[in-house]
Amino acid sequence: MKKQRKLSVELDFAYQIKTLSEIGQEITSALSVEKIIEKTYEKVNSLMDASVFGIGIFNKEQKRIDFPGVIEKGKKLPFSFYSLEDNLRPAVWCFKTQKEIFMGDLFNDYNKIFPKATVPMPAVGENTYSLIYLPLSIKNKKIGVITIQSFKKYAYTDFHFDILRNMAVYVATAIENARLYENMEAEVKQQTQELVVQKNELEKLYDNVKLMSEIGKEISASLSV
C-alpha cells in the first residue's frame with residue numbers, strides 16, 4: 001500500500017513537472033508583454049484562484065513599476081504603476097528587496113512587513129485578502145514582479161506558491177526575450193528608414209546628374225555664343 005502511494009506521488013510530481021515545462025515553453029514563445037500576460041494568466045488561473053493577476057515591469061527611465069494590464073475577475077483593468085518611492089506598496093517592496101510576499105489575510109498580515117502602516121488601496125481595482133508577490137529577475141537583472149490575489153482568505157497553499165515560483169522563472173525569461181525582440185524590431189525599422197533616405201538621396205543625385213548631362217549636351221550642341 002505504501003509503495004503504491006509513493007508511486008502515485010512520484011507520478012503526480014512527474015506530471016506536474018511536465019505540465020510546468022509545457023506551460024513554460026508556451027509562455028517563453030510569446031514575443032510581446034501583452035501576450036505574456038494573457039498566456040500566463042490563462043495557465044495560472046487554470047491551476048489556482050487568480051481573481052487578480054498582474055505582471056509589473058520595471059521602468060528604469062521613470063523609476064517605477066508599470067502594470068500594463070492587471071486582470072481582475074476576468075476583466076483587464078487600465079494601465080497603472082507604482083513609483084519606486086512608494087515603499088508601502090507590496091509590489092515596490094518585493095521588487096526593491098527581491099523578497100517574496102505570501103499573505104493569507106492582507107489586513108492582518110500587512111503590518112508584519114509594514115509596521116504601523118495602513119493598508120493602501122491599489123492603484124486600480126479592489127483590495128483582496130490572499131496575495132502572493134514574487135520578484136522577476138534573470139541573471140541578477142531585475143525585471144519586475146508577478147502577483148496573484150484572491151478575495152478569499154488563505155486561498156493559497158505552499159503548493160500554489162511553488163508553482164508560481166517556477167512559472168516566475170519562465171515569465172522573467174519571456175519578458176527579457178520580448179524586450180530584445182522589440183529592440184531588434186526597432187533597430188530594423190530604423191535601418192530600413194535610413195536605407196529609404198539613402199535611396200531617395202541617390203535617386204535625387206541620379207536625377208541631378210542626368211539633368212546636368214542633358215544641359216551639357218544642349219550647351220555643347222549650340223553653335224553660337
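We did not get these values from a lab; they are worked out from the coordinates using the rules stated. Fair warning: this is a prediction, and the values are worked out from it, not measured in the lab. FYI the Cβ positions are ideal-geometry reconstructions off the backbone, even for glycines, and counts take in every protein chain you see.
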### Query
Sorted by mean Cβ packing within 10 Å, highest first, what order do the peptides 165-175, 52-62 take?
165-175, 52-62
### Task
Would you please give the residues with an amide H less than 5 Å from that of F81, counting only those at least 5 places away or on a separate chain, with H modeled from the backbone geometry?
F67
### Query
Which net charge results for the neighbourhood of S130, defined as the other residues with beta-carbon distances under 15 angstrom from its beta-carbon, given Lys and Arg at +1 and Asp and Glu at -1?
-3
### Summary
Once amide hydrogens are built 1.01 Å from N within the peptide plane, the residues lying 5 or more places from I138 or on another chain with amide H under 5 Å from its amide H are I143
### Query
By per-residue mean of other Cβ atoms within 10 Å, what is the highest-first order of 111-119, 29-37, 129-137?
129-137, 29-37, 111-119
### Query
HN-Hα J couplings of the range 40-47 from phi, Karplus 6.51/-1.76/1.60, θ = phi - 60°, integer Hz, Gly and Pro as x?
5, 4, 4, 6, 4, 5, 7, 9
### Task
Would you tally the net charge around A172, using a Cβ to Cβ cut-off of less than 13 Å, leaving A172 out, and scoring K and R as +1, D and E as -1?
+4
### Most to least packed among 98-106, 84-92 [average Cβ atoms within 10 Å]
84-92, 98-106
### Set K60/K141; K60/K116; K73/K139; K63/K116; K63/K153 screened for pairs whose C-alpha atoms are more than 22 Å apart
K60/K116; K73/K139; K63/K116; K63/K153
### Query
For the range 24-69, with only Lys/Arg (+1) and Asp/Glu (-1) charged at the beta-carbon, what is the dipole magnitude about the Cα centre, in debye rounded to 20?
200 debye
